[in-house]
1. Could you tell me what fraction of 2.2 N^0.38 Å the Cα radius of gyration of the chain comes to, as a two-decimal ratio?
2. Looking at Asn185, Thr285, Trp319, which one has the Cα that reaches farthest to the positive end of the dipole of the chain (charges on Cβ: Lys, Arg +1; Asp, Glu -1)?
3. May I ask you to list the chymotrypsin sites (Phe, Trp or Tyr not before Pro) in the stretch 349-433 that are in a DSSP loop and have at most 10 other Cβ atoms within 10 Å of their Cβ?
4. Would you please put 155-163, 352-360 in order of how densely packed they are, using the mean number of other Cβ atoms within 10 angstrom per residue and starting with the highest?
5. Where does the longest stretch of the chain lie that holds no GluC sites (Glu not before Pro) found in a DSSP loop with 16 or fewer other Cβ atoms within 10 Å?
6. Kindly give the semi-axes, whole Å and largest first, of the ellipsoid equivalent to the stretch 9-114, taking each as the square root of 5 times a Cα gyration tensor eigenvalue.
7. Of the listed peptides 67-76, 172-181, 286-295, what is their order by residue-averaged count of other C-beta atoms within 10 Å, with the highest listed first?
8. Need one word for the stretch 41-189: rounded, prolate or oblate. Basis is the Cα gyration tensor (sqrt eigenvalues a ≥ b ≥ c); a/c below 1.5 gives rounded, then a/b vs b/c decides.
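Bear in mind that the values in this text are calculations on the coordinates, not laboratory data. Since this is a predicted model, take the numbers as computed values, not measurements. Note: ideal-geometry Cβ built from the backbone for every residue, glycine included; neighbour counts use all protein chains shown.
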Amino acid sequence: MAWDFETEPEYQAQLDWADEFVREEVEPLDLAWPNMQFVPPDENLRRVIDPLRAQVRERGLWATHLGPALGGQGHGQLKLSLLNEILGRSSWAPLIFGCQAPDTGNAEIIAHYGTEAQKKQYLQPLLDGECFSSYSMTEPQAGSDPTQFTCRAEKDGDGWVINGWKFFSSNASTARFVIVMVVTNPDAGAYRGMSMFLIPTDTPGINIVRNVGLPGEPLGEGHHALIHYENVRVPDDALLGGEGQAFAIAQTRLGGGRIHHAMRTIGLAQKALDMMCERALSRRTQGSLLADKQFVQGFIADSYAQLKQFRLLVIHTAWAIDKHNDYRKVRKDIAAVKVVMPAVLHDIASRSLQVHGALGASNEMPFHQMVMGSYVMGLADGPTEVHKVTVAKQVLRDYKPSDDIWPTQHLPKRLAAAKEKYAEFLDHEVGNL
Ligand SMILES: Cc1cc2nc3c(=O)[nH]c(=O)nc-3n(C[C@H](O)[C@H](O)[C@H](O)COP(=O)(O)OP(=O)(O)OC[C@H]3O[C@@H](n4cnc5c(N)ncnc54)[C@H](O)[C@@H]3O)c2cc1C
């Protein structure tokens, strides 16, 4: 019987260290250097973050999103999940532990599909924390439906020429390279006609037209690039995986990315719940603590239960990824995690905001970022609705239609079958009457 919810003592000690380290050393970076995580650090900032990263490396907790077989130092998704829930409390923590999105997903596909030369050029610097990367898939006119993509690479001699637009390519302006998904063969259909290319961002023709920000960031500033690829010439060996492989690669890329977001979201939602409880025990109104009001108790109970369910779903899915080592076999649960995640963060952060009253709605508390973050979680790596469709389709695969007009569980039908099965004994009972 192998089901066990205990963490082995050695790894628990690592988690305890990470918990205190993030609280004491890393969370202050969020306030001292906000929104600077994906800006290449200057010398001054390096003097702060390099020693922190060195401590993480010494503990063996650096870049643990990939296992040794893929060039990382990880111990699987379950252990990563327990670590990521700690890191999710802080915007800087994933950077200090070398496991930030979107670089983790990008590293994963290079590790899986890259050639040795590509791994050396792109993966190693990424795993060493020497550079950032960007994933360029969404287009201005099409995001959740990749069959509508039009950005195109055409064969030209011993290379390709790329033309088209991409939207919301996070961190492209500070990344060393982009992974772009483009149409290479329009006649082959969307699922076999697209490919991915690894391209250094200083390649001529990669024009960042503007950076789009999230609420709170000034217009024209942000981290999500609108890119015009204009006659971008790349060699054949810029192809990641084979020609026409983009859909298969994207599933690997997004499978990992989605579950990692979920792991961190547990930490953020727990932080919102912690704040709710502290405030409930600190604030008095109309003769009693907020903690004594039934509405507030309802907020706390609902939040605790919602978070507990979500955490179990995430941890179980992480465990299943480790067990099967194949995202396709866990697709249903990853999609379910993606469906549940935005609502969990939204609900718990909103309740916590409400319990803090006006202060909660102010810019002196972090709730607006959390609530906005819940909407981001409902869009980035695909919208909730599309994932619901995936869950439903995957669930339905395990079922077949009823073999007549009545449902299998129709009571008259089952009663008739039961009577037939036990006819001998039922007749006997009747006979004894
Ligand atoms: C913070 C952030 C970072 C991002 N980073 C990146 C990145 O680095 N690289 C990248 O390529 N992209 C990135 N994206 C883009 C993201 O992947 C897309 O926003 C997402 O795939 C949805 O595409 P869309 O925005 O074009 O919405 P659309 O495809 O226009 O969909 C809009 C809405 O329509 C509804 N809808 C869509 N399809 C269905 C359906 N089948 N059934 C029912 N309803 C449906 C949903 O409500 C959906 O939200 C990022 C997005 C955000 C918010």
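1. Ratio of Cα Rg to 2.2 N^0.38 Å: 1.15.
2. So the residue we want is Thr285.
3. Qualifying residues, ordered by number: Tyr399.
4. Order by mean packing, descending: 352-360, 155-163.
5. With GluC sites (Glu not before Pro) excluded where exposed in loops, the chain gives 222-363 as its longest stretch.
6. Working from the Cα gyration tensor, I get semi-axes of 22, 18, 12 Å.
7. 172-181, 67-76, 286-295
8. prolate
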